[in-house]
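Data block below; observations after.
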Amino acid sequence: MAIKNIALVAHDNRKKDLIEWVEWNWEVLIGHNLICTGTTGEIVQNTLAKKIGGHKHLSLQRLKSGPLGGDQQLGAKIVDGDVDCIIFFWDPMQPHPHDVDVKALLRIAVLYNLPIACNRSTADFIISSPLLHEKYTPVLKDYSAYINRYAE
């Protein structure tokens, strides 16, 4: 089984939804390395700790809160190849002070061809995919023509 680096992120109004999803999928999640932003990381860690007790080690890295740079930290991890997929329950009905960071995170995930779930249905498809348990290398588009066009 391939161990994946799975990022879990949720806006405040979607944290409850993400935690319900984590509780439903905890047995799969604990077999992977988890990366979370801010408060989401604390809630996920507490939820999984209750599920696994002291019987299994939990690999969870907590980044800064999204508005305090966590989205950018996660984007850097994507660029460095340290993220395999993202579960990001974002709130489409609420404006956020860090909307530009969220847009940049989504852009970089698409640029690096990572699977990204922005809702529970897509998250369910990702976590139930046989590819989650296999080695998988996303095909990357060559953007050098774009870079050369705008280089000074």
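The values are calculated or read from the model by the stated rules, or taken from the named source; none is laboratory data. Please read these numbers as outputs of a predicted model, since none were measured by experiment. All Cβ positions, glycine included, derive from the backbone under ideal geometry; neighbour counts span all protein chains shown.
Considering only segment 73-84, I want to know if a residue exists there that is modelled with pLDDT under 95 and either under 15 Å from Asp12 (Cα atoms) or not aliphatic (A, V, I, L, M) (or both). The answer is no, given that none of the residues of segment 73-84 is modelled with pLDDT under 95 and either under 15 Å from Asp12 (Cα atoms) or not aliphatic (A, V, I, L, M) (or both). As for segment 18-25, it holds no residue that is at pLDDT below 95 and farther than 19 Å from Asn113 by Cα. Screening segment 21-76 for residues that are acidic (Asp, Glu) and surrounded by fewer than 15 Cβ atoms within 10 Å (Cβ to Cβ) and picking the one that is farthest from Ile3 (Cα to Cα) gives Glu42.
If we keep just the residues of segment 80-139 that are of a type in the set (Gly, Ala, Ser) and part of a loop (DSSP other than H, G, I, E, B), which is surrounded by the fewest Cβ atoms within 10 Å (Cβ to Cβ)? By that ranking, first place goes to Gly81.
A Cβ distance below 8 Å, combined with a sequence gap of six or more or placement on separate chains, defines the contacts here; from segment 131-142, residues that are within 13 Å of Cys85 (Cα to Cα) and modelled with pLDDT of 90 or more reach residues that are aliphatic (A, V, I, L, M) and in a helix (DSSP H, G or I) in the pairs Leu132/Val28; Leu132/Ile126. Of the residues making up segment 94-114, none is modelled with pLDDT of 95 or more and under 19 Å from Asp12 (Cα atoms).
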